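Any read-out appearing in this document is the output of simple, stated calculations on the displayed coordinates, not a laboratory observation. Given the structure is predicted, the values throughout are model-derived calculations rather than measurements. A quick note on method: Cβ atoms are made from the backbone with ideal geometry, for glycine too, and the neighbour counts reach across all protein chains shown.
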Amino acid sequence: MRKLRIRTYALLSLVLLLLLPWVFFVAAHFITTQSLHIGEDQPNSYTVPMVAAFTGLLLAFVIVGVRMRRLLLMPLERMSQAARQIAAGDWDVQLPPSTIREIAEVRDGFEVMVNGLENSHRKQAELEEERRFVIAAVAHDLRTPLFALRGYLDGLEQGIARTPDQIAKYVAVCKEKSSQLDRLVEDLFTFTKMEYLETELSEDIADFNDIVQKSIDSLEPKAQQKHISIVALYVPDGCLIRADLHLLERALSNLLDNAVRYTPAHGRILVQCRREGDRASFTIQDSGPGFVPEELKRIFEPLYRGEQSRNRATGGAGLGLTISQRIIRQHGGELAGGNHPSGGAILSGWIPAANR
């Protein structure tokens, strides 16, 4: 339906107000005198035409008023009612159409605003639900090593461990549990900082190979405890990138820690770095059980861990891969997970290379 502007509607209303009384006057004059000649009759002969003209004027006002209410006032009233519904939390609002272009534009803008507010409210509710889930899950994860740590410390205090070997074992377990607590707190802090706080990345120029090697060096002792070999293949001439070195090293360390954690003893981890156009790409392949299809869809969700190979017994809060993906995305890159055809999980990603 073609839409009218308010000024066009106002002009049509004015024409109707002027024309309809005149039509009624002429029609009444013709009926009473059987003539269209005006001004040649007696003055009292205009009584009926004047009454008809006044009736026509009233009818014109009624028509204009009814149309104004339908086309102008009702849509505005419905939008006012919809605004109160939205304020009350009811997003299911219906706005009437209008043939007045300005009202239709306001209606369309109001509808866009409602959709935006609804999406924002839904995202806010999802974030709030995720926040509560993170707090509950991390609290549960913190309680497990704390309980074990307290138990072994009580054993040392009560003298349960009497021989040097028993004491050394208890101390080693306490150190292990304290390391788990440190990792949990660090993961939670980093996740909260990246998710809810605005952080500015420092842009330092560095060789991507050096960052990868530092991450490997930090995980080498843990890999040696399980007799896991880490083989790294680098870009021959190096690859310069512009990145926050601390955060990027943290992301790569999380990926390598994930690979070491789920690679069986005497396994192998292959790290490959290469230059692909204007990207610095990398892959981390382990010789573990790999991901099951359900895990591939959710491995980067916060606090998600598979039921079989990836569970709480391995330690961690299930935030490592999530943190790594978000750090790499903050650098303008991407991270994905999959299974290698020859077996084992593979995590591949890239970040933009720096212009020389």
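To the nearest 10 degrees, how steep is helix 320-330 against the longest Cα principal axis of the chain, on a 0 to 90 scale?
Approximately 60 degrees, to the nearest 10.
Can you say what percent of the DSSP beta bridges in the chain, counting only those with both residues inside, are antiparallel? Round to 5.
80
Under a 5 Å amide H to amide H cut-off, with H placed in plane at 1.01 Å, what residues pair with Gly288 once short-range neighbours are removed?
Result for Gly288 returns Ala345.
Pairs of alpha-carbon atoms within less than 8 angstrom and 6+ residues apart define the contacts here; what relative contact order does segment 124-196 have, in percent?
Taking the mean separation of contacting Cα pairs over the length of segment 124-196, I get 37 percent.
Report, by chain and number, residues whose modeled amide H sits under 5 Å from the one on Asn339, excluding near sequence neighbours (fewer than 5 apart, same chain).
The answer is Ile346.
Not counting the cut sites, what is the longest span of the chain without GluC sites (Glu not before Pro) that DSSP labels loop and that have at most 13 other Cβ atoms within 10 Å?
41-197
Measure nothing fancy, just the Cα-based angle from helix 164-196's long axis to the longest principal axis of the chain, in degrees from 0 to 90, nearest 10.
20
So for segment 204-352: antiparallel DSSP bridges make up what percent, rounded to the nearest 5? Don't skip to the end; give the middle numbers.
Values: 25 of 30 bridges.
Bridges in segment 204-352 are about 85 percent antiparallel.
Please list, in chain and number order, the residues 5+ apart from Ala232 or on another chain whose amide H is under 5 Å from its amide H, with Hs placed from the backbone.
Amide H to amide H, under 5 Å and 5 or more residues apart or across chains, Ala232 pairs with Val271.
Name the most mobile residue of Arg183, Arg67, Arg107, meaning the one with the largest mean-square fluctuation, in a Gaussian network model of the chain with Cα contacts below 10 Å.
Greatest mean-square fluctuation among the candidates belongs to Arg67.
Any idea what the dipole of segment 6-99 comes to, in debye rounded to 20, about its Cα centre with Lys/Arg Cβ at +1 and Asp/Glu Cβ at -1?
Charge dipole, segment 6-99, about its Cα centre: 280 debye, nearest 20.
Using a simple charge model, +1 on the beta-carbon of Lys and Arg, -1 on the beta-carbon of Asp and Glu, nothing else, what dipole does the chain show about its Cα centre, in debye to the nearest 20?
540
Can you pick out the pairs among Lys226/Lys297; Lys123/Lys177; Lys123/Lys222; Lys123/Lys226 whose Cα atoms lie more than 31 Å from each other?
Among Lys226/Lys297; Lys123/Lys177; Lys123/Lys222; Lys123/Lys226, the Cα-Cα distance tops 31 Å for Lys123/Lys177; Lys123/Lys222; Lys123/Lys226.
Would you mind getting the Kirkwood hydrodynamic radius of the chain from its Cα pairs, rounded to one decimal in Å? Could you put the intermediate results ahead of the total?
Numbers: mean 1/r = 0.0366 Å⁻¹.
Result for the chain stands at 27.4 Å.
Quick check: Cα centre of segment 46-64 to Cα centre of segment 235-278, how many Å?
Segment 46-64 and segment 235-278 have Cα centres spaced 88 Å from each other.
Computed over the Cα atoms of segment 6-99, what is the convex hull's projected area averaged over all directions, in nm²?
Averaging across all directions leaves 8.0 nm² for the Cα convex hull.
If I build a Gaussian network model for the chain, linking alpha-carbon pairs within less than 10 angstrom, which residue out of Asp237, Asp182, Asp257 has the largest mean-square fluctuation?
Fluctuation is largest for Asp237.
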